[in-house]
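The structure appears right after this line, and notes come after that.
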């Protein structure tokens, strides 16, 4: 990392994250104009986007080679008033002072933002999901409580890996021209014609955005006293004159074009999981051409890559406490994926893959979310590099196994070639680059709550109000068959409610929040003349997350043992103990001693597998309103911590207040036999059901992976896990001592990067409960010699 | 399943998976119970007695005394701070079976060769990908020669890489017949002077050194190891005698094991046969001193990465 990159990194890390009101205010001004509100929605979206891009403050910061500011602050986020802006603004007056993730915001801006709230109170997406006002109020109440399930799609969709290759090849104006040609072939005034017109407008807006930077750079070059910097600014001006409007001619232009588009797509769709994806594939031709021609040296290329990577950390999401409980750690999931194969299955690692791995390792910043694909033919030097980085404690990249993921995608309807062109988006969800509109993070389901309802005839513990299915009294359940039946009935009932709400949210997104710019960067939309929110993309899915399957699996295992095998107590007695949060400490100790998932115990593991099967069976055959399947994901972001607080105690021995299992991991602290046993358990599950991906976090004490033996052991663990069909893994190598220091004295480790759930976050940005959970989970058994 | 005398059973007290420092690769280490020595620095004091024992974890005990009703020997004590009268306890485990909090724990269980093998084969994929295997440790595994004669051929048949950690304090015949079944023999050089050896371990070392000399000629996988306890092994005299002995045996390599006061925490939980060691000096400094000294004496010492 050279000095310039160090300065850029420092500037971003030391900048105080803040809230920028520009997008919200410009968006509101546009929509307050009644003339505008008469226009078709897609046109409104394209014009509002173009207006933001034309009017927002632009800056070129010192030392920058890649430019483009998402907000007017160095590090900042915006408000999406037409989506979940009102929820975002629930912390409006406390953003600067709140303890976790404070965001700078001036009093004047607070007042400006508060003033737009009434306009959006009846217009934001959540207010218009269901036609019946009463039904809509009930929907909003469910969303705000967020106990049974959470529908993230109410806050917008995003979660895409745009076809940036197309942008680099045609330029924004080229894509606009394509849309114009297509418009001539359809009936004027038709939905298709409107969509094409919106694409033309949005692409023109994107092109003009680059030109603003060209003008600014030219002006700055004239005023710049340092001749070297003046030359750089002149070069930036030349680059921005060309891209994103026109095709990229070299590597620098390609990087620049991608970042401009990244800003625009974030502003249009939602600042959540807009993913550059397989950058090492579509940018490599530009890099290679420059290197071969000698117009770019390897050091210059590296500097550009680093400077580009730093830019992603400038974009932060604005989450109020309400959302932080689900998505902790200021993360916005801009995935960069390296490695994997080409469309024919041949290995695709190249110089740029390695350069990006180096950038990730040396920068160690929160964004982008770096991931690496591995397969049977991954080159040893690539794998060795990754294992060394991980053993040294970088906690990134997360690893994705082509051998497990590609067949799952094919089974789910992708062509083999498109499946091999997958990149994870968001946390862990595989999509085909530039072809999928997957809403992978559509909703999260509280599965352990369904067990609570099953143990109390469809009611929460201590409540008389039935919110679930009418299942029998626990006293009438005479076998595990009855218990399983009651649980699946509750799960089915809950999923039905979820899918009913979700379908309405999907329609609301299509109706109220089409995204022409994003759609033009997804294959299928221009061809069909249909926006991606309305099903225009080539591949459509919606991901429903099965949260904490092992919490339920361990509970079912405990019921079978305690009630039906050992006959230690009756099911109503056990349910009463759970409802009362285990007053009997001896009973709880006994329940905790029963088999648990993650310890290489086939009996316990089979129960977790069964829960995942039950969940995916209930989604089988269901279609979303875009014509795509509902897919099961097994990840929990940070909602397992929140739901652990609000979900009653369960028969596994977990008390209310303790976190649920995170992703595919065992229950908190339940894995006691070390990493080999854990991996055996995970490999025992049929993960092909997790068609929306899964998150498997394996944590090591730093001492275990130290020295000569550590990286070798890690490499053996991972290669075994993947060769046996493991789908995904992320390795957290953490020193509990360092974590405790960071917790007790945040200033000691201001930028300690940890892996949360499919993404990296600064430890300091986590809630106290999450910090404690991470510390608790950090030490797996270390090898100890007997001597 | 049990066939009385017909199938020999081994007495073990722990099986640890994912061990990285008991031989190459990822290994599972089996800890056998029973040892002929009682080293003052022993890290596994629960390994010394050749019989099952009961350990009491005071911090987990709620004083419910469910154990008192279960004990056939009347060995449960009721005053606070005490629970087991170790002079009466025969380690039958009846109390541990009823203890609701795992405060009373059986140390030592009997396994057949096939039961043990099933347990070890769980990580076979990891042994293969890492070049690892199984290490027998203890205690002294060779004291259970009858069981090993049954177990080792089955383990070899299963293709496991086998390592042994031995004190050499066993019957010479057992060592001779069983050693060839192992790929690696880690042989402890506890102390060179016979009188000192008796003082620190309770036994003379002449038979042990003779066994090492024989193995050095016959077994290519023999590796010397030395526990390094500050103030004990790190004297100039001991290091010089160690180096001379090893060179005479044609051995250059020696693995140094850092000392951990790990065993001392365990002593009060068990029949206390040992007194805590009064340490004289810093283990890390001592280790570094020994490494340098042995190097200058012409050996190739390898320091185990401290955990």
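What does the highest-first list of A:465-478, A:710-723 look like by mean Cβ count within 10 Å?
Ranked from most to least packed, the peptides come out as A:710-723, A:465-478.
Calculated on C-alpha atoms, the gyration radius of the range A:221-284 divided by its Kirkwood radius gives an Rg/Rh of 1.07. Debye-formula intensities of the range A:488-619, expressed as log10 I(q)/I(0) at q = 0.12 Å⁻¹, are -0.66 (one equal scatterer per alpha-carbon, no solvent). Note the angle between two axes, namely the Cα long axis of helix A:191-223 and the longest principal axis of the Cα atoms of chain A, as a number of degrees from 0 to 90, rounded to the nearest 10. The answer is roughly 60 degrees.
If you take the alpha carbon radius of gyration of the range A:566-724 and divide it by 2.2 N^0.38 Å, what ratio comes out, to two decimals? Write out the running numbers ahead of the final one.
Details: Rg = 18.0 Å, N = 159, 2.2 N^0.38 = 15.1 Å.
Cα Rg divided by the expected 2.2 N^0.38 Å: 1.19.
Of the residues B:283, B:220, B:268, the one that moves most in a GNM of chain B with alpha-carbon contacts below 10 Å is B:220.
Projected onto their three principal axes, the Cα atoms of the range A:611-652 cover extents of 37, 20, 14 Å, largest first.
Evaluating kT/(6 pi eta Rh) at 37 °C and 0.692 mPa s, with the Kirkwood radius of the range A:419-539 over Cα pairs in the Stokes-Einstein relation, gives 193 µm² s⁻¹.
Going by neighbour counts of Cβ atoms within 10 Å, the residues A:34, B:248 line up, fewest first, as A:34, B:248. Please give the Cα centre distance for the range A:341-357 versus the range A:253-319, rounded to the nearest Å. What the calculation gives is 16 Å, centre to centre. Beta bridges per DSSP, both residues in the protein assembly as shown: antiparallel share near 35 percent. Normalised by 2.2 N^0.38 Å, with N the number of residues, the alpha-carbon radius of gyration of the range A:641-785 equals 1.08.
Shape analysis of the range B:1-127 places it in the prolate category; the axes a ≥ b ≥ c from the Cα gyration tensor give an a/c of at least 1.5, with a/b above b/c. Could you state the angle between the C-alpha long axis of helix A:298-311 and the longest principal axis of the C-alpha atoms of chain A, as a value from 0 to 90 degrees rounded to the nearest 10? It is inclined by approximately 60 degrees. The angle between the Cα long axis of helix A:133-145 and the longest principal axis of the Cα atoms of chain A comes to about 80 degrees, rounded to the nearest 10.
Quick one: compute the contact order of the range A:531-671, relative version, from alpha carbon pairs under 8 angstrom and 6+ residues apart, as a percent. It would help to have the intermediate numbers written out before the result.
Values: 237 pairs, mean separation 57.3, N = 141.
Relative CO of the range A:531-671 lands at 41 percent.
The relative contact order of chain B comes to 19 percent, based on Cα pairs under 8 Å that sit 6 or more residues apart. Across the range B:153-307, Cα-Cα pairs farther apart than 23 Å form 42% of the total. Structure remark: mean-square fluctuation, Gaussian network model of chain B, C-alpha springs under 10 Å; the largest value among B:11, B:162, B:77 belongs to B:77. Quick one: in the range A:317-413, what % of C-alpha pairs are over 22 Å apart? In whole percent, the share of Cα-Cα pairs in the range A:317-413 beyond 22 Å is 39. Size descriptors for the range A:192-258, from the alpha-carbon set: Rg then Dmax equal 14.4, 52 Å.
Determine the equivalent ellipsoid of the range A:170-229 by diagonalising the alpha-carbon gyration tensor, then write out the semi-axes as square roots of 5 times the eigenvalues, largest first, rounded to whole Å. It would help to have the intermediate numbers written out before the result.
Working: eigenvalues 285, 17, 6 Å².
For the range A:170-229, the semi-axes come out at 38, 9, 6 Å.
Please work out whether the range A:106-244 counts as rounded, prolate or oblate from its C-alpha gyration tensor, where a ≥ b ≥ c are the square roots of the eigenvalues and a/c under 1.5 means rounded, while otherwise a/b larger than b/c means prolate and anything else oblate?
On the way: a/c = 2.66, a/b = 1.50, b/c = 1.77.
Because a/c hits 1.5 or more and a/b fails to exceed b/c, the range A:106-244 counts as oblate.
If you wrap the range A:376-434 in the convex hull of its Cα atoms and look at it from every side, the mean projected area works out to 4.7 nm². Mean projected area of the Cα convex hull of the range B:94-215, taken over all directions, amounts to 10.1 nm². Classify the range A:623-689 as rounded, prolate or oblate, taking a ≥ b ≥ c as the square roots of the eigenvalues of its Cα gyration tensor: rounded when a/c is under 1.5, otherwise prolate if a/b is larger than b/c and oblate if not. Note, shape of the range A:623-689 comes out oblate. Each peptide in A:745-752, A:137-144, B:33-40 was scored by the mean count of other Cβ atoms within 10 Å over its residues; highest first, the order is B:33-40, A:137-144, A:745-752. The alpha carbons of the range A:196-330 stretch over 50, 38, 31 Å along the principal axes, in descending order.
Could you run the Debye sum over the Cα atoms of chain A, one equal point scatterer each and no solvent, and tell me log10 of I(q)/I(0) at q = 0.05, 0.06, 0.10 Å⁻¹, two decimals? For the requested q values the scattering log ratios are -0.24, -0.35, -1.01. Dimensions of the range A:1-125 from C-alpha coordinates, computed as largest minus smallest value along each principal axis and given longest first, are 53, 33, 22 Å.
Nearest-5 percent of antiparallel DSSP beta bridges in the range A:345-463? Write down the numbers at each step before the final one.
On the way: 4 of 8 bridges.
Expressed as a percentage, antiparallel bridges in the range A:345-463 total about 50.
Across every pair of different alpha-carbon atoms, what Kirkwood hydrodynamic radius in Å does the range A:540-611 reach?
On the way: mean 1/r = 0.0758 Å⁻¹.
The answer is 13.2 Å.
When Rg and the Kirkwood radius Rh are both evaluated on Cα atoms of the range B:96-137, their ratio Rg/Rh stands at 1.16.
Working from Cα pairs under 8 Å separated by at least six residues, relative contact order for chain A is 14 percent. Computed over the range A:1-57, the P(r) curve from all C-alpha pair distances, binned at 10 Å from the origin, holds 20, 32, 20, 17, 10, 1 percent per bin. Between the C-alpha center of the range A:143-172 and that of the range A:518-533 there is a gap of 14 Å. Comparing mean-square fluctuations of B:25, B:81, B:221 from a GNM of chain B with C-alpha springs under 10 Å, the top value falls on B:81.
Using only alpha carbons, build the gyration tensor for chain B and give me the equivalent ellipsoid semi-axes, biggest first, whole Å.
Values: eigenvalues 225, 125, 60 Å².
Largest first, chain B gives 34, 25, 17 Å.
In whole Å and largest first, what semi-axes does the C-alpha gyration tensor of the range A:509-584 yield when each eigenvalue is scaled by 5 and square-rooted?
Details: eigenvalues 549, 36, 14 Å².
Equivalent ellipsoid semi-axes, largest first: 52, 13, 8 Å.
Over the range A:94-177, with a single point scatterer placed on each C-alpha, what log10 of the ratio I(q)/I(0) does the Debye formula yield at q = 0.17 1/Å? Result of the Debye calculation: -0.97.
When the alpha-carbon atoms of the range B:149-188 are used, the pair Rg, Dmax equals 10.3, 28 angstrom.
No value in this document is a laboratory result; all are computed from the given coordinates. Because the structure is predicted, anything quoted here is derived from the model rather than measured. All Cβ positions, glycine included, derive from the backbone under ideal geometry; neighbour counts span all protein chains shown.
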